[in-house]
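Asker: So that we are looking at the same thing, I have put the structure below in structure tokens.
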Amino acid sequence: MFSSRSPNEPETKGPQSLDRSKTMWLDDGNIVLIAQNTQFRVHRSHPTTSGRGHGWVPNRARLDSPRDIEHFLNALYNRSYHTKPLVLDVFEAFLRLGHKYQVAHLRDDALACLAAEFPRTLKEWDDGPNTYTVLDISGENLPTLRLLRLVQELRLFKYTPIIYLTIAITTTLESLYKHVPHAISSDDFLRIALAAEKFREARRRVTFAWLNLLPCGSCSTTKACAVARKCTGSSYFFEYGGGPSGGLLNSPFVVLGQCGGKWFCKHCYAVARASHEAARALTWENLPVYCGLPKWDDLTNFE
């Protein structure tokens, strides 16, 4: 329950006692917000909300959690609360309530974090650090699964393919299955399992199709390039193909230099690189479809 009352109005006794927020109980506040079992005393009109023609509305957010409200209010009153990296609790509050209450700077700040962690273009994926940078996941056991639940709750479908990809190339299906249904739904598990299989097929049949083209007709070191071709294929598909231990080498988007492409002569390398990059771009274009989702241009946010 989320409601409001005058700060001078006595508390109504009921079966559930109410706690006061330790950080958002302002001496000069003129409205008390109640979220579930927690009270917050703030100002009815705040510059961030009143500039949009409204202040706090009673019963506007019956199901908002006290934790989200606490972070949300702190951010409205204190810009330094936005310091990066954002812990996931703060990030969730910014995204969920920033959207709900139309506080654009909080919502957009959270969306920028999401875009940084889960880029939607292949170039951004390549240039990324392959680790969380603007979100603080310390102490989080399953941060990517938590983020998946959030984007689905808010219908942020543009980020779903990248989150599916991240889970598929960093987690074994056996370990993932242990978290069904409390951390991941059975539907999501099946989508990720099917996507993982399609990623493996894309890696073998599309990304590394150039292995069947070498040595090329202009090869200057046929014997050496034949050996390099064999070594590249065996190391990639056997050493890295069986689980998440290979990290991004499990991905159909691995760059050529990561898997021994530099071992070939310049002619074979040129053939391999051109084929490899074209295949990566094609696979990225098809990534949402591999995940059982609409194409990139048909994915929406907040709809």
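The values are calculated or read from the model by the stated rules, or taken from the named source; none is laboratory data. All figures in this text were calculated on a predicted structure; none of them were measured in a lab. Don't worry about glycine lacking a Cβ; one is built from the backbone with ideal geometry, like all the others, and counts go over all protein chains shown.
Asker: Which pairs turn up if I take residues in the stretch 20-39 that are free of Cβ contacts under 8 Å to residues at least 24 places away in the same chain and look for partners that are surrounded by 19 or more Cβ atoms within 10 Å (Cβ to Cβ) and not in a strand (DSSP E or B) with beta carbon separation below 9 Å, at least 6 apart in sequence or on another chain?
Answerer: Lys22/Glu70
Asker: On to the next question. So which helices (runs of 4 or more DSSP H) are wholly in the stretch 145-213 and hold at least 3 residues that are crowded, with 21+ Cβ neighbours inside 10 Å and assigned by TED's automatic domain parsing to the domain that holds Cys231?
Answerer: Because the criterion is at least 3 residues that are crowded, with 21+ Cβ neighbours inside 10 Å and assigned by TED's automatic domain parsing to the domain that holds Cys231, the helices (runs of 4 or more DSSP H) in the stretch 145-213 that meet it are 160-170, 186-202.
Asker: Follow-up. Across the stretch 100-113, what is the number of residues that are aliphatic (A, V, I, L, M) and either surrounded by fewer than 20 Cβ atoms within 10 Å (Cβ to Cβ) or at pLDDT 95 or above (or both)?
Answerer: Going through the stretch 100-113 one residue at a time, the tally reaches 4.
Asker: List every residue pair whose Cβ atoms lie under 8 Å apart, where the two residues are 6 or more positions apart in sequence or sit on different chains, the first residue falls within the stretch 93-104 and is under 14 Å from Leu150 (Cα atoms) and in the same structural domain as Phe302 (by TED's automatic domain parsing), and the second residue, located anywhere, is part of a helix (DSSP H, G or I) and at pLDDT 95 or above.
Answerer: Short answer, once both residue conditions are applied: none.
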